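Let me begin by presenting the structure, written as structure tokens, before commenting on it.
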Amino acid sequence: MGKTGQGLATLAHHLAATGEPHQLLPARQQMAFTLGFHIVLVPFGVALTTLMLIANYRGLRRGDDDALLLAQRWSKVAAVLFAVGAISGTVLSFELGILWPGLMGRYGAAFGFPFAIEGLFFFLEAIFVSLYIYGWNRMSPWAHFLTGVPVPLASLGGTAAVIAANSWMNRPEGVTVRDGQVVAVRPVDVFFNGAFWYEMLHMFLAAYIVAGFAVAGVYAVGLLRGRDTRYHRLGFHIGFVCAAVLVPAQFIVGDTIARYVFQAEPAKFAAIELLPTTGRHVPETLGGILLDGRVRYGLRIPEVASVLAGFRPSTEIKGLEAVPPQARPSDAAVSTVHLAFDIMVGLSCVLLALGMWFAWLRWRRRPLARQRWFLRCCALSGPAALACLWSGWVVTEVGRQPWTVVGLLFTKDAVTRQGDIWPFFGAVVVIYAAVGTGALVVLHAMKRRWQAEGDTAVDVPYGPGTHAGHAERGRGTES
Amino acid sequence: MAAVVAVFLFIGVIAYCLLGGADFGAGFWDLTAGGAARGRRRRHLVDTSLGPVWEANHTWLIYCLVILWSGFPRAFAAITTTLYLPLGLAALGIVLRGAGFAFRKAAFRTPEQRVYGLAFALSSVLTPFCFGAIAGGIASGRVPTGGAGDPVTAWLNPTSALGGVLAVAVCAYLAAAYLRVEAHRRRAPDLERHFRTMALLAGLGTGAISIAGIFVLRYDAPHLWHQLSHRAVPLVVVAALCGAASVALAATGRITGLRLLAGAAVAVIVLGWGVAQYPYLLGTHLTVDEAAAPAPTLKVLVGVAVTAGVLILPSLVLLFRLAGRGRLGMSYDDVSH
């Protein structure tokens, strides 16, 4: 079935032997890469805009100019990131068709419509982001605040819709399939499938945690560099408190989800626990990989996995052997899921400890700017939270393999059989690297100019132009 | 129900042509605006006109994609497996374009702006060409029902070439007409003159390409040609009249009704394509009904489209009105810098 390419004859031959089209590997890598890029922007659409409104509200309510300045700057950062998110999201919708026609052609009727709902929310978000960014100092302050309120709400709605589609792939409910064709759809069951609320709540909290720590990290760096102003402390506190308060809640939600996965997606749970054989009194393995079907390395804590799954050491956990051979994930996939889960939980524990450290500092009334080690840790908390987000996403996506839609569609049947994906993937990597670098350069330049010249000098994608901006352009042209 | 969803899909296609198309065309005029010094104010007009609305305009594309893949999944898979090359190019073009536009506005140094601006402008020409070529491939029946048609000739053929070139020309024409009105509104006479000339040239060019297109279609897509010259002929006539009237307006230097007529010409000709193609979604082998998803999905889509109308149109009107009144946009002072 695999087309024997000329340059990659050996590889193609190998893949043909395993029944996998040669497009599968690059298609999966490309999807992972572009989704991994896009998912970074979600917390900023959902949560940074909320922080922005909190600061805006506080600024208006208490006449707090520092808070208003924070809101204004965050809105400009959100605008840049929203622009990037809009285009990387568009690419994803193209990729669904170009890379996964087997999925869209067969199940588009079933799980395509949540994306239509997502489009609706995205539309609203795009409109109100424009209104809010352009409205600074152009409308009455409270009317302007109100134009911002739909932004995080629409972003949240859009996220919920995408998660409905994704969770449906884990729990494909609400469809009747006959001869590989969808003959009946029950939209409410599709959208609110068994996995929806778990994934939704988990992602929602993750978004606020990532954005909160990322924002706090920026101002922690400022404090470390000696900019100990009320503005910096306020920026730090709004971000940090929002994130740190939600970390314990995320633990409760995550723990609940783990037990749900144990019940509803035993193959994924076996991969998370790195468990080849079914058994009771299962130890929790920290680290370690699966090699030739056996667990290597790693630290085992006796009985803990069984206790966590069913509150009793005698709880039976299904191992990978319980999965039919044709649907069994590869050792590499299992190891990836397991390690990603460990990273997610491990880093979350670190973030929880960071929040407790902060509580202790507050209790002892220690001035923030002198707590240099605490601030250094805070500076890294954003990337750490992002790593958690990525790991969690790897657990749910790789953990579903080899299925694209559990029980209905294998990934190798979903992938396109047309053309060579590698050049497309290569172009995507190059362009995304350029776009990502461009976004960072632009954000950095905005920050420098805020520090050097004040806020009105800085143009943003959705913002009106400025006199100072043009004067600068004029100078640039002459030089 | 399938026909209703097809109508909603086509409303999206027309909206994207009119709004997204004008944005692409603005990129065309950005590309041809001249050097950094001479083109600065022209580019600035493009920036300030597009700034508040381009993201909302772009969203129509997403709307079309989701309606297509949820409502007509078979057709969607057939299109993506056959036309993956132009689709991939268009996707990359959209990334470059969006990022180039967004970053240029936020970049401060001329060399950086030039790089971002070039990315924006070049991809603004590449992307509509690809979309036009895709439309040509679908309209001329080169996308088989089962998908996996010829990856090259499906979009490199006479009808696709016509579609691609016509798309670029129409975008440029729409954008010139819109920008001419924008320049007038901002009382920038030199920009007004520039875009008046450009609108005239683009209008005449689009007309010439359309007339040449008659022969291309007759030879390469006889079914489409037949329907256009029979069932859809009133629409073709109306489109031609609107186009001619708008070119006449541009030539005589009038503003009133220019945008409306230019937009109407494009909307009606796209509508004509839809009418000529109905009831087929792909060539003459896959009808709208055959490709349609089960009824509950179609109902949800109709619901989404109606909700979009109720929720989004008012906010869109608010945005355009605020932008149009200059509450969000720029004043003459800003442009004259």
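The values are calculated or read from the model by the stated rules, or taken from the named source; none is laboratory data. Just so we're clear, the structure is a prediction, and the values are computed from it rather than from any experiment. Every residue, glycine as well, gets a Cβ built from its backbone with ideal geometry; the counts of neighbours run over all protein chains shown.
I'd like to check which helices (runs of 4 or more DSSP H) are fully inside segment A:52-139 and have at least 2 residues that are at the interface with chain B (Cβ under 7 Å from one of its Cβ atoms) and within 18 Å of the chain's Cα centre (by Cα).
Per the criteria, A:65-99, A:113-135.
Identify the single condition in (1) more than 8 Å from every other protein chain (Cβ to nearest Cβ); (2) surrounded by fewer than 24 Cβ atoms within 10 Å (Cβ to Cβ); (3) not polar (S, T, N, Q) that B:Tyr116 does not satisfy, given that it satisfies every other one.
That leaves (1) as the condition not met.
Can you tell me which residues in segment A:223-240 are more than 14 Å from A:Gln371 (Cβ to Cβ) and either hydroxyl-bearing (Ser, Thr, Tyr) or surrounded by 16 or more Cβ atoms within 10 Å (Cβ to Cβ) (or both)?
Those that are more than 14 Å from A:Gln371 (Cβ to Cβ) and either hydroxyl-bearing (Ser, Thr, Tyr) or surrounded by 16 or more Cβ atoms within 10 Å (Cβ to Cβ) (or both): A:Thr229, A:Tyr231, A:Leu234, A:Gly235, A:Ile238, A:Gly239.
Out of (1) basic (Lys, Arg); (2) at pLDDT below 90; (3) surrounded by fewer than 18 Cβ atoms within 10 Å (Cβ to Cβ), the odd one out for A:Arg376 is which?
Failed condition: (2).
May I ask you to list the residues in segment B:221-240 that are without any contact (Cβ under 8 Å) to a residue 12 or more places away in the chain and surrounded by fewer than 16 Cβ atoms within 10 Å (Cβ to Cβ)?
B:Pro222, B:His226, B:Ser229, B:His230, B:Val233, B:Pro234, B:Val237
Which is free of Cβ contacts under 8 Å to residues at least 40 places away in the same chain and surrounded by 22 or more Cβ atoms within 10 Å (Cβ to Cβ), of B:Gly93, B:Gly137, B:Gly98?
One residue alone meets the criteria, B:Gly93.
Among the residues in segment B:14-23, are any surrounded by fewer than 22 Cβ atoms within 10 Å (Cβ to Cβ) and over 11 Å from the mean Cα position of the chain (by Cα)?
Taking every residue of segment B:14-23 in turn, none turns out to be surrounded by fewer than 22 Cβ atoms within 10 Å (Cβ to Cβ) and over 11 Å from the mean Cα position of the chain (by Cα).
When both residues are 6+ apart or on different chains and their Cβ atoms are under 6 Å apart, which pairs have a first residue that lies in segment B:64-83 and is within 7 Å of another protein chain (Cβ to nearest Cβ) and surrounded by fewer than 24 Cβ atoms within 10 Å (Cβ to Cβ), and a second that is of a type in the set (Val, Ile, Thr) and in a helix (DSSP H, G or I)?
As it stands, the answer is none, since no pair meets every condition given.
Is it true that A:Ala359 is within 30 Å of A:Gly105 (Cβ to Cβ) and either small (Gly, Ala, Ser) or buried (at least 22 other Cβ atoms within 10 Å of the Cβ) (or both)?
When the stated conditions are applied, A:Ala359 does not pass them.
What tally of residues in segment B:270-315 results from selecting those that are in contact (Cβ under 8 Å) with a residue 60 or more places away in the chain, more than 9 Å from every other protein chain (Cβ to nearest Cβ) and closer than 16 Å to B:Ala15 by Cα?
4
If B:Gly149 satisfies every condition in (1) outside any loop (DSSP other than H, G, I, E, B); (2) more than 21 Å from A:Val91 (Cα to Cα) but one, which is the exception?
(1)
Might you let me know whether segment A:362-381 holds any residue that is over 30 Å from A:Leu320 (Cα atoms), in contact with a Phe, Trp or Tyr (Cβ under 8 Å, 6 or more places away or on another chain) and basic (Lys, Arg)?
Taking every residue of segment A:362-381 in turn, none turns out to be over 30 Å from A:Leu320 (Cα atoms), in contact with a Phe, Trp or Tyr (Cβ under 8 Å, 6 or more places away or on another chain) and basic (Lys, Arg).
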